[in-house]
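Read the figures in this text as sums done on the coordinates, not as results from a lab. This one's a predicted model, so the numbers in the text were calculated from it and none came from an experiment. Please note: Cβ atoms are built from the backbone with ideal geometry, for glycine as well, and neighbour counts cover all protein chains shown.
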Amino acid sequence: MKQEYTITVYTENQIGLINKLAIIFTRRKINIESLNTSPSEVEGIHRFTIVINETEDVVRKLSRQIEKLLDVLKVDFNTDDEIIWQEMALYKVAADVITEKVKVERLLREQGARAVVIRKDFIIFECTGQREEINNLIKTLEPYGLLEFVRSARIAIIKKSDGFHNKVKEFEYRVPSEALVENEFLDKNEGVFSM
Amino acid sequence: MTANSSPNIEIKPTATKQVTGSQALLDALIQEGVKTIFGYPGGAIMPVYDALYDYNDRLEHILVRHEQGAIHAAQGFARVSGKTGVVFATSGPGATNLVTGLADAMIDSTPVVCITGQVFAHLLGTDAFQETDVINITTPVTKWSYQVTNAEEIPHVLAKAFYIASTGRPGPVVIDITKNAQLQLFDYEGYQKCFHIRSYKPKPEVRPAYIAEAAAIINEAKRPFVIFGQGVILGNAEKEFQAFVEKGNFPAAWTILGMGAIPTDHELAVGMLGMHGNYGPNLLTNECDVLIAIGMRFDDRVTGRLDKYAKQAKIIHLDIDPAEIDKNVKSTVSVWGDCKETLPLLTKLIEKNDNKNWLQKFADCTIKETEKVIFPEQNPESETLTMAEVLKCINEITKGDAIIVSDVGQHQMVACRYAKLNNTRSNVTSGGLGTMGFALPAAIGAKYGAPDRQVIAIIGDGGFQMTLQELGTIMQANVNVKIIILNNQFLGMVRQWQELFHQNRYSFVNIKSPDYIKLAAAYNIDAKKVDQRAELKSTLEDILSHENPFLLEVMVGKENNVFPMVPQGRGVSEIILSKEEL
């Protein structure tokens with residue numbers, strides 16, 4: 001059964017990685033509903049949040065393909081109830097209409113929105129929440145002429161996850177192999193690649 | 001760039017010297033043990049070729065006739081030697097000509113490092129002369145790719161490239177170096193090999209619990225069946241694999257790229273899997289109770305229709321690449337890891353078994369296949385020669401010690417069905433991608449990878465015409481390969497399908513050949529044409545002991561088909577032995 005999955009990808013900060021990620025989806029003709037890239041809790045490590053609508057089997061296979069990418073450290077995938085997620089949206093409306101016809105302060109209270117900019121000609125509202133809440137505000141504002149609307153990608157925190165601080169230590173841990181023992185650079189930390 | 005320079009560590013001043021990016025590149029190759037480069041110069045890689053002029057004594061450069069030839073040669077080199085093949089090509093068309101070879105190396109897990117020249121960094125994105133976006137073109141067909149715009153990056157990027165290409169599941173790497181970086185002088189502190197990248201785990205950790213679980217299932221099996229792929233060869237685990245199979249007395253069948261991991265005439269080697277594989281291995285896949293898949297990826301040419309594939313069996317899948325586990329066939333137990341590590345652990349836990357009745361079933365299938373297909377193909381009553389009898393003659397002469405390089409099509413299936421191989425790394429063919437034109441350049445590379453071994457390229461008349469310009473490479477470098485063109489005057493495999501599945505509507509499969517003998521003569525290569533049975537063996541004996549390259553054209557039956565066959569869309573047990581069974 002297809003459902004919404006949120007894929008969290010921890011990566012190195014590398015040029016071109018977004019393309020490498022995107023290719024995994026496009027090759028299989030899978031549409032990305034939402035994609036966000038941001039820093040993570042660990043310095044130097046980036047975090048992609050990708051939302052797709054697929055079956056668990058497909059998502060698992062995709063995740064393994066993503067994890068196989070060289071600059072990817074770790075991939076998790078979760079259903080909506082396993083994560084805390086938010087999106088943000090901005091709404092631009094004509095100032096005269098809205099101030100005349102709507103009780104703005106009530107609207108802000110009820111919808112959990114806030115005004116980011118108030119100008120003579122227009123007002124920009126911001127709403128952060130889940131899809132439903134964001135869509136509600138669209139419905140409310142539409143009758144008054146919604147001039148512009150934009151919604152951000154989803155960002156999500158996995159409820160079960162302990163974050164990446166300890167994980168990254170595991171990734172940096174090197175099991176000494178025979179090849180390493182013979183290597184004259186073995187005892188130099190800079191031999192570890194962090195490019 | 002933070003490589004090799006942690007702020008907490010005081011770096012002792014070492015003797016540095018100023019070198020160019022090109023010199024650093026060549027030094028890296030030498031430090032990585034590279035001796036042979038296959039390449040083709042051009043504008044954007046000229047500084048590298050200029051530096052190569054001074055490294056002539058340490059690096060051998062083989063000038064090919066087309067960049068595709070360079071990468072296939074590097075693949076052939078890598079496949080027989082286990083070392084990483086190296087390619088030089090220029091920007092633009094030079095780089096795009098590599099794409100087929102990259103895709104081939106990617107799907108067949110072949111370690112190759114390609115160095116492509118690129119326009120000056122300040123010209124990137126300006127549609128400069130011979131500029132293409134090489135990194136983005138090659139991303140889907142490389143294990144890793146990186147563009148260097150600063151010479152200081154070259155030593156660590158090259159170290160990383162060789163580490164990535166050769167470890168874990170091997171694959172091709174493209175390093176695109178802008179011309180300014182090739183020319184740039186910088187303080188060179190020497191070369192350090194790479195042994196660790198934190199975002200790259202070449203080998204998954206072996207989980208002993210899964211080994212125990214797999215062993216328990218195997219020990220309860222009444223009809224265990226081992227199928228193995230190139231993973232055994234790539235992991236240098238041939239001995240471990242043989243010990244495993246021998247202890248359990250398992251019948252073992254190979255995928256096309258796994259062929260030769262144990263000698264093809266080993267008593268437990270029951271033949272090839274797949275569409276044109278042997279009868280028993282296909283049929284009995286659907287009768288075994290435990291299927292042990294080692295270093296193979298359940299390609300659709302192996303499995304046939306998935307919902308009719310080994311449904312009765314418990315499946316144990318050993319693979320180094322976690323992405324292969326459960327990709328096509330759901331496993332009962334998956335053993336992640338390098339089979340060089342996992343196989344001995346598994347061997348320890350399995351019990352000896354004679355599997356007498358079960359092995360007899362394979363033997364019975366072989367008898368049936370021999371009677372209906374193998375014997376008549378190898379000893380035909382027809383006047384025209386068959387591909388199978390050519391292979392039989394080759395086997396009699398080489399005794400199975402040669403490296404067989406095959407192209408793609410009917411002759412490939414016949415070569416892989418009938419060739420006798422005593423040694424590992426002896427079967428070089430384009431398995432996953434099915435690249436026609438692969439064999440001639442790959443044979444050149446194979447000869448450089450194994451100079452002391454006999455290299456025989458078996459090529460169809462279609463595939464040969466795709467890369468025949470590499471005869472020029474053979475001429476110039478006097479590469480001692482034996483080329484055998486099996487000429488049936490058709491694009492045989494497509495013709496076979498048109499005959500069997502498209503009501504004999506032969507659509508553009510009738511291909512004319514040039515006079516190959518004259519063609520070879522133009523390249524100063526000795527050649528001969530054979531169409532009589534009486535001459536076949538003696539001619540083959542002559543050419544295989546010839547001290548120079550040789551081209552032999554063998555005229556074979558025009559409309560012969562390759563059987564057995566698992567028709568597309570059918571299950572493996574629906575394998576047919578003749579057209580009449582269709």
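Got the relative contact order for the stretch B:385-557 handy, in percent, Cα pairs under 8 Å and 6 or more residues apart?
Across the stretch B:385-557, relative contact order equals 23 percent.
In peptide B:152-159, what is the residue-averaged number of other protein chain Cβ atoms found within 10 Å of each Cβ?
For peptide B:152-159, the averaged partner shielding equals 1.
Given a Förster radius of 45 Å and the C-beta distance between A:T128 and A:D96 as r, what FRET efficiency does 1/(1 + (r/R0)^6) yield to the nearest 0.05?
Calculated value: 0.95.
Between A:D80 and A:S161, what is the spin-label point distance in nm, taking each point 7 Å from the Cα along the Cα→C-beta axis?
It works out to 1.9 nm between the two label points.
Given the DSSP H assignment, sum -39500 (n - 2.57) over each helix run of at least 4 residues in the protein assembly as shown and divide by its residue total; what's the result at 222 nm in deg cm²/dmol, nearest 500?
Working: 31 runs with 271 residues, N = 777.
Result for the protein assembly as shown: -9500 deg cm²/dmol, rounded to the nearest 500.
Antiparallel as a % of all DSSP beta bridges within the protein assembly as shown, to the nearest 5?
45
Extending each Cα 7 Å along its Cβ direction at B:T126 and B:K356, get the distance between those two points in nm, one decimal.
8.1
Taking the alpha-carbon centroid of each part, what is the distance from the stretch A:102-142 to the stretch B:267-340 in angstrom?
Using only Cα atoms to place each centre, the spacing works out to 58 Å.
In the stretch B:296-379, which GluC sites (Glu not before Pro) fall in coil by DSSP and have 16 or fewer other Cβ atoms within 10 Å?
When the GluC sites (Glu not before Pro) of the stretch B:296-379 are filtered for loop state and at most 16 Cβ neighbours within 10 Å, B:E351 remain.
Rounded, prolate or oblate: which fits chain B when a ≥ b ≥ c are the square roots of the eigenvalues of the alpha-carbon gyration tensor, with rounded for a/c under 1.5 and prolate only if a/b beats b/c?
On the way: a/c = 2.07, a/b = 1.28, b/c = 1.62.
Judged from the Cα gyration tensor, chain B comes out oblate (a/c at least 1.5, b/c at or above a/b).
So for each of B:444-451, B:62-69 I average, over its residues, the number of other beta carbons within 10 Å; can you give me the resulting order with the highest mean first?
B:444-451, B:62-69
In peptide B:198-208, what is the residue-averaged number of other protein chain Cβ atoms found within 10 Å of each Cβ?
That average works out to 4.
Based on other C-beta atoms within 10 Å, arrange B:L123, B:L158 from fewest to most.
Sorted ascending by nearby Cβ count, the order is B:L123, B:L158.
Using a 10 Å cut-off on Cβ atoms, rank the peptides B:452-465, A:53-66 from the highest mean neighbour count down.
Output ranking for B:452-465, A:53-66: B:452-465, A:53-66.
Run the numbers on chain A and let me know its relative contact order in percent, using alpha-carbon pairs under 8 Å that are six or more apart.
Answer for chain A is 23 percent.
Any of A:K167/B:K239; A:K2/B:K314; A:K29/B:K308; A:K29/B:K512; B:K247/B:K330 with alpha carbons more than 30 Å apart? Name them for me.
Over 30 Å apart, Cα to Cα: A:K167/B:K239; A:K29/B:K512.
Quick one: compute the contact order of chain B, relative version, from alpha carbon pairs under 8 angstrom and 6+ residues apart, as a percent.
14
Across peptide B:143-151, how many C-beta atoms of other chains are within 10 Å of each residue C-beta, on average?
2
Around B:Q489, under 9 Å between beta carbons, what's the net of Lys plus Arg minus Asp minus Glu among the other residues?
Around B:Q489, the surrounding residues sum to +1.
Give the cross-link partners of A:K120 among the lysines, using a straight C-alpha distance below 21 Å as the criterion and excluding same-chain residues fewer than 8 apart.
Partners found: A:K92, A:K101, A:K103.
For the stretch B:385-557, just say rounded, prolate or oblate: build the C-alpha gyration tensor, square-root its eigenvalues into a ≥ b ≥ c, call rounded for a/c under 1.5, and beyond that prolate if a/b exceeds b/c, oblate if not.
Since a/c stays below 1.5, the shape of the stretch B:385-557 is classed as rounded.
Which lysines have a Cα lying under 16 Å from the Cα of A:K169, excluding residues fewer than 8 positions away in the same chain?
Within the straight-line limit of under 16 Å, A:K169 reaches these lysines: A:K74, B:K201.
At most 11 other Cβ atoms within 10 Å and a DSSP loop assignment: could you name the chymotrypsin sites (Phe, Trp or Tyr not before Pro) in the stretch B:93-182 that fit?
B:F129
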